Every structure is written in structure tokens, then in C-alpha cells.
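Asks: Got a structure here, written out as C-alpha cells. Questions coming.
Rule-based calculations on the coordinates, nothing more; no lab input. The structure displayed is predicted, hence computed values, not measured ones. For neighbour counting, all protein chains shown are included, and Cβ atoms are generated from backbone atoms with ideal geometry for every residue, glycine included.
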Amino acid sequence: MIRFATALAVCATLSAAAFAQTAPPSGKSTLAAVKERGWLQCGASTGVTGFSQPDSQGKWAGFDVDICRAVAAAVFGDPDKTKYTPLTSQQRLIALQSGEIDMLSRTTTWTLQRDTASGLNFTAVTYYDGQGFIVPKKLGVKSAKELNGATVCVTTGTTTELNLADFARRHRVQIKPVVFEKIDDARGAFLSDRCDAYTTDASQLASVRATLARVPDDYVILPDIISKEPLAPAVRHGDDQWFDIVKWTVFALIEAEELGVTSRNVDEQLKNADPTLQRLLGISGGNGKALGLDDKWAYHAIKLVGNYGEIFERNLGFASPMKIERGLNALWNNGGLMYAIPLR
């Protein structure tokens, strides 16, 4: 907790110019810099199954990775014009502030302080999450409120660490946080019995569960959800065009699922006379010009990466090892919160 508070204090003392930085150090707009460079530099995690993780050949995959790939497809017509910078929780905001990366798509919670004092803009929620706990079954705990006196592994520099402290105070539970800079270290410590419990976003608990295929019954994910964790890609303050591009790419992916447009049928849908579909796919409407992109920007993102539902299913859903239900991340007309702002 002390380390996180210190990091916040250091960030707060940085110059206003650093936080107000509107573009990479070259002085160009982000879009101009990305096009000149020839690829999109994305901030990723140091390895979270289902969200962002490199394989043995160094190829990145995951839900957050696909959001970056969709933006690259919108800009270049090629989702593979992306490179990834693995970042710890403490490094991620500074990397974006400094211009080291063009966008942050890394299981990052949208909060007031991050959206203001940190000089960032969060674009659109891509995953509605909440913080939970996993414990060894042998501990005999049924609720997080029973963790009085327990040691809990947690990653520093996160809302998770702050939420744990709030939860302990609210319920008058004495919890001893054991903090780690890297997610893998926190998980490893928990799995080697250095902590009684591990706390993180519920989606990441599913990632832990997915790595325990041989002994899943030895661990229990407690029913408590102690926070709201809206995860969203972030960009720097001040570059409204880049903010719009990332934000509307996310909305286009959601809109495509709402309209039944997939990577498999998008070419057939180009013939559809529905005006909403024509605007989405760039046949009419001038949305590409408004963003500074080709009119087929959304078509390329959907064709080459997939709609929101396709991205969710292959990385986090039942077509993946994660087996996460859509829940709050279902479409608004199917019991969830995912809702695209009109593309018109």
C-alpha cells in the first residue's frame, strides 16, 4: 500500500506539461506518428491468459491484444501492424504518459484519478469486471469476510490493492497484504502457499483457474465481488482525433455484433441496403472522413479481427480455456451492458 501511495505521489509531482502531452515526443499527432512509423505500439500485460500473452514464438494473443489489432486494422487495413510493450501495473500509466506506447489495452480499470490527474483518456469499456478472491479449498473459507488474519497476495500499483484495503476497513477484517510488482509473481506466491488467498479481477481468477486444470478442485473462487472494475483502453489527454479513433473502433466492434455482422459474413453484408449497416461498413455516412481514416475502417476491423462477440468468445468465452460467461459483457439487448453509441 505504501509503495502504491508513493508512486501516486511521484506521479502527482510531475510537471503539468508531462501530463498534458498530446502526442509522441516528435510533436506529431498520434495518428500521423503511427502512420509514419508503420505500426501501432500497444501497451500489454506481462502475461495474463486470455487477455494479453506472448506464445513461445513471441506472438501475442488475447482479448486486449485483439482490441489493439482492431485499431491497427482500422488505421492500416492490417491488424498485424502492431507491436507490444509488456508493462507491469506500475509501469503502464507512465509508459502511456511518456509516449512510449500509442495506446494502453491492458486490463486497466477506468477511474476518476486515472482519467484526470494521470493525464489519460479512457475510450470505451471493453470488459465489465469486478474484484474477487481465490483460496485453497483446505482453508475452509466460504466468504472473503472470513479472511480475518489472512495473508493475501496482491499486485501493487493497482486498484486491486486499494480495494483490498477498503474492503478490510469496511468489514473490519484484519488482512495482511503481500504485494508483488508482477502478476506472475503474485500468482506464483499464492500457488506455492506463501499467501492464504489471492485477490484480483474475477476474469483473472478465471485465468488462474485455467492454469490449474489438473487440480482445480483444490481451490475455491469465493462468491464475493468487492468492486466495480470497468476495463477500457486508454490514450493520452489532448489528442482528440486519436481518442476518437480508438473509442469508435470499440463501438464499431460492438455495433457489428448487434447487427449480426461477423468476420465471416461481412462481405455479404456489403450488399445489404440497411442504412445502419451501410454506415458501419463505409458504404455511406462519411464516418471514415470524420475520423481521418479510410471509409472502410470499420469493415477492415470486423473482417480481419471480428466483431466484439467473436473476440470475446475465442479469447475468454467457451471456445477458450477461460470458459467465462458473457454476463455483464453481453449485449444490452441480451441482459448485458455492452451498448454501441450510434455510428452516424
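Asks: Please compute the Cα-Cα pair-distance distribution of the range 131-227 with 10 Å bins starting at 0, giving whole percents from short to long.
Replies: 17, 58, 24, 1
Asks: Got the relative contact order for the chain handy, in percent, Cα pairs under 8 Å and 6 or more residues apart?
Replies: Computed over the chain, the figure is 22 percent.
Asks: Would you kindly calculate the mean projected area, averaged across all directions, of the convex hull enclosing the Cα atoms of the range 40-79, in square nanometres?
Replies: So the Cα hull casts an average projection of 2.7 nm².
Asks: Additional query: Counting every Cα pair in the chain, what percent are over 27 Å apart?
Replies: 46
Asks: Taking only complete DSSP H runs, can you tell me which helices of the chain stretch 24 Å or more along their own long axis by Cα positions and average at least 0.0 on the Kyte-Doolittle scale?
Replies: For the chain, where a helix must reach 24 Å along its axis and average at least 0.0, the hits are 240-259.
Asks: Here is a further query. Once the convex hull of the C-alpha atoms of the range 242-334 is built, how many Å³ does it hold per residue, rounded to a whole number?
Replies: Per residue, the Cα convex hull of the range 242-334 comes to 103 Å³.
Asks: A follow-up question, please. Among ALA70, TRP242, LEU120, whose Cα projects farthest towards the positive end of the dipole of the chain, with charges put on the beta-carbon of Lys, Arg (+1) and Asp, Glu (-1)?
Replies: LEU120
Asks: Taking neighbour Cβ counts within 10 Å as the exposure measure, how do LYS289, LYS182 sort from fewest upward?
Replies: Listed from fewest to most nearby Cβ atoms, that is LYS289, LYS182.
Asks: Based solely on its DSSP helices, what 222 nm [θ] is calculated for the chain when runs of n ≥ 4 H residues each add -39,500 (n - 2.57) and the sum is averaged over all residues, nearest 500 deg cm²/dmol?
Replies: Dividing the helical sum by the residues of the chain leaves -11000 deg cm²/dmol.
Asks: Cross-link list LYS35/LYS182; LYS81/LYS289; LYS138/LYS182: which exceed 23 angstrom alpha carbon to alpha carbon?
Replies: With Cα atoms farther than 23 Å apart: LYS35/LYS182; LYS138/LYS182.
Asks: Over all alpha-carbon pairs of the range 81-199, lay out the pair-distance distribution in 10 Å bins, whole %, shortest bin first.
Replies: Here the calculated profile for the range 81-199 is 12, 39, 31, 16, 3, 0.
Asks: Further question on the same structure: Using the Cα centre as the reference, give the magnitude of the dipole from point charges on the C-beta atoms of the range 242-334 (Lys, Arg: +1; Asp, Glu: -1; all else neutral), rounded to the nearest 20 debye.
Replies: Roughly 120 debye, rounded to the nearest 20.
Asks: Evaluate the charge dipole of the chain about its Cα centre and quote only its size in Debye, nearest 20, assuming +1 on the Cβ of each Lys and Arg and -1 on the Cβ of each Asp and Glu.
Replies: So the magnitude is around 500 debye.
Asks: For a footprinting-style exposure proxy, rank PHE190, PHE251 by other Cβ within 10 Å, fewest first.
Replies: PHE251, PHE190
Asks: With the dipole of the chain worked out from charges on the C-beta (+1 for Lys and Arg, -1 for Asp and Glu) around the Cα centre, which of PRO275, SER89, SER263 lies farthest toward the positive end?
Replies: SER89
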